[in-house]
Each structure stands twice: as C-alpha cells, then as structure tokens.
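Since the structure comes first, as structure tokens, the remarks are kept for the end.
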C-alpha cells in the first residue's frame, strides 16, 4: 500500500511511472485517464466494458462505480478484466474512489482473491470522507509494482505530508461517517431521479457514485441550455467521450435543500 497525493495526480502520472506504451480507458470516462496517456506519450484507446473484446495493451484503466455514469461492473466483468491482464501480461489500474457508496460494487482485489499480480486498486478520501482539498489517496495491490512506483517517486516527488497521512488514518478508522455520507447521496439521488423521470428524462445506470447520468435523446448542449434556463448547472456528456453526446451529468454534491429546490423547479 502506498499513500499518494490525490488520485487525480496518480491517474495523470501512472502511465509515465510505468513507461506504458499503450493505455486502454473506458469509452465513457473521467477525462484524466486519456490526458495521463497523452502526458506520457503513450498510445490510447477507448474500450467498452467487455474485456474479452479488448486489444492488447500494457495498461488498462477501469472505474467501478464509474464517473460519470454510476455504472457498477459485475464480478464476472471484473474477472474478465483480470483474465485479460493475465493473458496480455498487462497492468490493470482499478479506480475505486466511489466504492464506498454502494454494496453492489466489489474491488478488483476482492475478485482476485489474493493474487494481485499486475493489479492496482486506487482509492481516494475525496469522495468517501469529503477530503478533496487534502489530496489524500492511496494505492493497494501488486507489491512489485508499488515498489517500482515508490522508487520512481523518490525522485518525482508527490509524497504525502505526515499531517495529511494522520488525517487519512483518522478518516479510515471510522465507518460511521462513510455510511452517513452514502445515505445522504442516495437520498438525493432518489429525489432528483424521481423528478427527472417524471418530466421525461431517461436515467441510465446511476446506481452509485455522486452523479446522475440522464438523457432526453437530444444533443447534450441543448439539454445543458434547458437546465441553465431553469437556473441549474449540469455537465455536457460529451466531456466524457463521444458516446456521451446525448447525455448530461448531474452532480449530487449540492446541499439537501438545493437538491429539493432543483427537483421542485424542474417539476414545475
């Protein structure tokens, strides 16, 4: 296990640390997976969730529950990812920063059952414990890989300051606030999803995480404008890949009061 300055920083620099030549990332995804491959000069390719159809590469990112869609990969789908890694002698980095928001999702390390060869799980306290400004994250998995990353990091920097590590220990030692946090977001999701579906939006996936992924089957910018006319800021799905161009992502990070106001406003 290795603490890291934020998970975004790790995502951006991992292909460089591993000297990756080709990086796979989800076809609808957090943009930093692609940006990280560009920083390192690696080839990159967007892929679907079915790992049996993936091309060869030396690093693949997965994200379950996913940003922006909230999709959760099944145990069978995670096992297919592990099988792909074994067949290609490739590294899989599983971004699990939303894992604590649902009981449906499993860590790739749980599916691997102790054989962590070429597997890394990336965890963040930004979402789990609302510690985004602390830049507090860590990776778990293949001992050899983590040792290699640690050796490079001695020169590249990005070590986590001791006071932040102490804060991480305190946060990771308490599960009560995590359960409260998960319930808070799930309650907001129910309120907003109900209002959206009532006025004709289709909500896709959105099982977990901090977002609702929805569509009116129109250009995403037209939907963004519609929400803006109602005083609501949403993110165009095209930010996350071509397949998102008819979707918008709605964050559940506003206050309970504001979420209720948004639900009431769009319902009218």
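The values are calculated or read from the model by the stated rules, or taken from the named source; none is laboratory data. Since we're looking at a predicted model, the values are computed, not measured. So basically every Cβ, Gly included, is an ideal-geometry build from the backbone, and we count neighbours across all protein chains shown.
Looking at this structure, is residue 47 buried (at least 24 other Cβ atoms within 10 Å of the Cβ), outside the structural domain of residue 181 (by TED's automatic domain parsing) and without any contact (Cβ under 8 Å) to a residue 40 or more places away in the chain?
no
Would you point out the residue of the range 184-210, among those that are without any contact (Cβ under 8 Å) to a residue 40 or more places away in the chain, more than 14 Å from residue 259 (Cα to Cα) and more than 19 Å from the chain's Cα centre (by Cα), that is surrounded by the fewest Cβ atoms within 10 Å (Cβ to Cβ)?
200
Could you please let me know if residue 8 is within 30 Å of residue 159 (Cα to Cα), free of Cβ contacts under 8 Å to residues at least 24 places away in the same chain and either in a helix (DSSP H, G or I) or in contact with a strand residue (DSSP E or B) (Cβ under 6 Å, 6 or more places away or on another chain) (or both)?
Spelling it out, it is not the case that residue 8 is within 30 Å of residue 159 (Cα to Cα), free of Cβ contacts under 8 Å to residues at least 24 places away in the same chain and either in a helix (DSSP H, G or I) or in contact with a strand residue (DSSP E or B) (Cβ under 6 Å, 6 or more places away or on another chain) (or both).
Of the conditions (1) in contact with a helix residue (DSSP H, G or I) (Cβ under 9 Å, 6 or more places away or on another chain); (2) surrounded by 18 or more Cβ atoms within 10 Å (Cβ to Cβ), residue 66 satisfies every one except a single condition; which number is it?
Only one criterion is unmet by residue 66, namely (1).
Residue-wise test of (1) in a helix (DSSP H, G or I); (2) on the phi < 0 side of the Ramachandran plot; (3) crowded, with 22+ Cβ neighbours inside 10 Å; (4) out of contact with any strand residue (DSSP E or B) (no Cβ under 9 Å at 6 or more places or on another chain).
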{"site": "12", "(1), (2), (3), (4)": "yes, yes, no, yes"}
{"site": "24", "(1), (2), (3), (4)": "no, yes, yes, no"}
{"site": "33", "(1), (2), (3), (4)": "yes, yes, yes, no"}
{"site": "62", "(1), (2), (3), (4)": "no, yes, yes, no"}
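Go over the candidates 140, 146 one by one and state the one that is surrounded by 13 or more Cβ atoms within 10 Å (Cβ to Cβ), assigned by TED's automatic domain parsing to the domain that holds residue 95 and part of a strand (DSSP E or B).
Going through 140, 146 in turn, the sole match is 140.
Among the residues of the range 228-241, what is the count of those that are free of Cβ contacts under 8 Å to residues at least 60 places away in the same chain, under 21 Å from the mean Cα position of the chain (by Cα) and part of a helix (DSSP H, G or I)?
Number of matching residues: 1.
What is the residue count in the range 89-135 for residues that are more than 14 Å from the chain's Cα centre (by Cα), in a loop (DSSP other than H, G, I, E, B) and modelled with pLDDT of 95 or more?
Selection size over the range 89-135: 6.
Among the residues of the range 163-180, which ones are more than 11 Å from residue 136 (Cα to Cα), in a helix (DSSP H, G or I) and out of contact with any helix residue (DSSP H, G or I) (no Cβ under 9 Å at 6 or more places or on another chain)?
Of everything in the range 163-180, those that are more than 11 Å from residue 136 (Cα to Cα), in a helix (DSSP H, G or I) and out of contact with any helix residue (DSSP H, G or I) (no Cβ under 9 Å at 6 or more places or on another chain) turn out to be 170, 176, 180.
When residue 268 is evaluated against the numbered criteria (1) loosely packed, with under 15 Cβ neighbours inside 10 Å; (2) on the phi < 0 side of the Ramachandran plot; (3) at pLDDT 95 or above, which criterion, by number, is the only one it fails?
Condition not satisfied by residue 268: (3).
Check whether at least one residue in the range 229-242 is in contact with a strand residue (DSSP E or B) (Cβ under 9 Å, 6 or more places away or on another chain) and loosely packed, with under 13 Cβ neighbours inside 10 Å, and report yes or no.
The answer is yes; a qualifying residue exists.
Within the range 121-137, count every residue that is free of Cβ contacts under 8 Å to residues at least 40 places away in the same chain and crowded, with 17+ Cβ neighbours inside 10 Å.
2
Given the condition under 15 Å from the mean Cα position of the chain (by Cα), at negative phi and in contact (Cβ under 8 Å) with a residue 40 or more places away in the chain, answer yes or no: does some residue in the range 139-158 qualify?
yes
Output the residues belonging to the range 149-162 that are out of contact with any helix residue (DSSP H, G or I) (no Cβ under 6 Å at 6 or more places or on another chain) and assigned to a helix (DSSP H, G or I).
150, 151, 153, 154, 155, 156, 162
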